[in-house]
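Report on one structure; see the data block that follows.
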Amino acid sequence: MGFIRSRSAVAPLRRGIPLSSSAVPSARTSVAQAVALHRPEDPMHCIRPGVLSDTARSFIEAFEGAVAGDVLYAVKCNPEPAVLRALWNGGVRHFDVASPGEIRLVRQMFPEAVLHYMHPVKGRQAIRAAYQQYGVRDFVLDSMEELEKILEETGNASDLGLVIRLGLPKGNAVYDLSGKFGAPFEEAVALLRAARAAAPKIGLSFHVGSQMLEPAAYERALELAGRVIAEAGVAIDVLDVGGGFPVSYPGVTPPPLGDFMAAIARGVAKLALPSSCRIWCEPGRALVAPGVSLVVQVIKRRGNELFINDGVYGALSDAGVPGFRFPARMIRPFEAMGEDATEAFSFYGPTCDSADKMNGPFHLPADVKAGDWIELGQLGAYGSCLRTAFNGFDQARVVEVFDLPLLETPGYRLEERVA
Ligand SMILES: *Cc1c(COP(=O)(O)O)cnc(C)c1O
């Protein structure tokens, strides 16, 4: 794979649609081989198509085993075409899209994909184009104003799916999402009734927050959803339990995937929904985090602080203020690895901003030095998609590899594919 400007390489929403070249999984090398081959001085994104496909397949199997439902991939988490292609190969057919750019990208790549427009606050032209040009039928909303807008811009279409986003009380997800979107109880009741009068398919959705470590959060949200549905007194066709499913990070091992599915199945069973009601979920992080890592190079060592070539304005935004830690391993292809002892390191990114700092700690061999490469794992989610070109650091490389992830998340069956 070539050497490309990162804004076109790993942020595909900014360019015309790239298709065949990056869309064909060709994972013939390991991360270490790719480092030896390219000696990358810019960040190198290592996509594991096999891991992404296996992760999607495991997740879909677990979800479908628990409830009669559909898995919608939340595209914002990683819209890289090679990632989308790998998820498609793993069986993903439904996509949670939130912008005209995401809609265009997914529709051009997969004409048969089912797109669900899950942003509760949309522009008028965006709604019209989604409906008329891109075949989108399902729209989420959390206000009367948005309902009217959707009906107006689709010419009071008779084939809409209208999903009401219910607000949840503040939970304990690592990323709380309760503040911005979601109708309060009474308004959700009114919206369900209004939607029922306007559309042949209606539903209720929520989002428990991202990297939710507690399976019971889904059960509690379902209980609240059940009270909204009962109060509205209307039949629903879809119940969408949202995203938030967690992955492992250093020092954080979530309960197995099956525990989340069991909690959802229990919560759904208590609601006595019509048997035709589909259950949806919208995972982002859980499908893609393990499937991409980032190789950075050490430019300078100062004590146990490493100056590296990517940072919070690049793919390591979550390592900054949010304080995420990522599994790390040193890659030194051209000389011996030295002793086994590890120490805790913090990182500085390449920009001149002193906020471009990542405290970690990241555990690496004690003799790590300038010129060494470091692979950071679990960066498939909210990594490359958040890159900026700040300070001119806009170059990156994308390669496909067959390595397993640096960390295992319980409940997923992944296979190494050595060519
Ligand atoms: C971001 C988002 C998701 C994905 O969340 P994860 O925590 O990555 O699973 C799903 N649904 C909606 C509405 C979102 O905004």
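The values are calculated or read from the model by the stated rules, or taken from the named source; none is laboratory data. Keep in mind the model is a prediction, meaning the values are calculated, not measured. Cβ: placed from backbone, ideal geometry, glycine included. Neighbour counts: every protein chain shown.
Scanning the range 171-182 finds no residues that are under 23 Å from A272 (Cα atoms) and within 16 Å of the ligand (Cβ to nearest atom). Taken together, the residues in the range 277-299 that are more than 16 Å from the ligand (Cβ to nearest atom), under 23 Å from H207 (Cβ atoms) and touching a Pro at 6+ places or on another chain (Cβ under 7 Å) amount to 0.
Filtered by the rule that a residue be surrounded by fewer than 19 Cβ atoms within 10 Å (Cβ to Cβ) and not in a loop (DSSP other than H, G, I, E, B), the range 110-148 gives V114, R124, Q125, A126, R128, A129, Q132, M144, E145, E148. Restricting the first member to the range 198-222 and to residues that are at pLDDT below 95 and assigned to a helix (DSSP H, G or I), and the second to residues that are within 12 Å of the ligand (Cβ to nearest atom) and of a type outside the set (S, T, Y), no beta-carbon pair is closer than 6 Å while six or more apart or on different chains. The set of residues in the range 61-71 that are surrounded by fewer than 22 Cβ atoms within 10 Å (Cβ to Cβ) and either part of a helix (DSSP H, G or I) or within 13 Å of the chain's Cα centre (by Cα) (or both) comprises E61, A62, E64, G65, A66. Just one of the numbered conditions (1) away from the ligand (no atom under 16 Å from the Cβ); (2) in contact (Cβ under 8 Å) with a residue 40 or more places away in the chain is not true of T154: (2). Return the residue satisfying two criteria in turn: it lies in the range 283-307 and is of a type in the set (V, I, T) and surrounded by 24 or more Cβ atoms within 10 Å (Cβ to Cβ), and of such residues it is farthest from the chain's Cα centre (by Cα). Among those that are of a type in the set (V, I, T) and surrounded by 24 or more Cβ atoms within 10 Å (Cβ to Cβ), it is V296. Checked against (1) under 20 Å from the mean Cα position of the chain (by Cα); (2) closer than 26 Å to G179 by Cα, L239 passes all but a single condition, namely (1). Determine if the range 277-284 includes at least one residue that is assigned to a loop (DSSP other than H, G, I, E, B) and without any contact (Cβ under 8 Å) to a residue 40 or more places away in the chain. The answer is no; no qualifying residue exists. Regarding G167, is this residue under 23 Å from the mean Cα position of the chain (by Cα), of a type in the set (G, A, S) and farther than 25 Å from C385 by Cα? Yes; evaluated as a whole, the condition is true for this residue.
Among the residues in the range 42-49, are any farther than 21 Å from L87 by Cα and modelled with pLDDT under 95? The answer is no; no qualifying residue exists. Among the conditions (1) more than 16 Å from the ligand (Cβ to nearest atom); (2) within 24 Å of A190 (Cβ to Cβ), R107 misses just one, which is (2). Scanning the range 341-395 for residues that are small (G, A, S), crowded, with 22+ Cβ neighbours inside 10 Å and more than 19 Å from R302 (Cβ to Cβ) gives G377, G380, A381, G383, S384. Here is a check on your reading of the model: is A225 modelled with pLDDT of 95 or more, more than 16 Å from the ligand (Cβ to nearest atom) and either not basic (K, R) or not assigned by TED's automatic domain parsing to the domain that holds A272 (or both)? No: the conditions fail for A225.
This table checks each residue for (1) modelled with pLDDT of 95 or more; (2) out of contact with any strand residue (DSSP E or B) (no Cβ under 9 Å at 6 or more places or on another chain).
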| residue | (1), (2) |
| --- | --- |
| M118 | yes, no |
| K149 | yes, no |
| A173 | no, no |
| K180 | no, yes |
| L191 | yes, no |
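Annotation note: of P255, P274, the sole residue that is modelled with pLDDT of 95 or more, in the same structural domain as E219 (by TED's automatic domain parsing) and either more than 14 Å from the ligand (Cβ to nearest atom) or in a loop (DSSP other than H, G, I, E, B) (or both) is P255.
Going through (1) at pLDDT 95 or above; (2) away from the ligand (no atom under 16 Å from the Cβ); (3) over 20 Å from G244 (Cβ atoms) one by one, A68 falls short only on (1). Within the range 72-104, the set of residues being crowded, with 24+ Cβ neighbours inside 10 Å and aliphatic (A, V, I, L, M) comprises L72, A74, V75, A82, V83, L84, A86, L87, V92, V97.
Conditions (1) buried (at least 19 other Cβ atoms within 10 Å of the Cβ); (2) aliphatic (A, V, I, L, M), marked per residue:
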{"position": "E186", "(1), (2)": "no, no"}
{"position": "V208", "(1), (2)": "yes, yes"}
{"position": "M212", "(1), (2)": "yes, yes"}
{"position": "G226", "(1), (2)": "no, no"}
{"position": "D240", "(1), (2)": "yes, no"}
{"position": "V247", "(1), (2)": "yes, yes"}
{"position": "V252", "(1), (2)": "no, yes"}
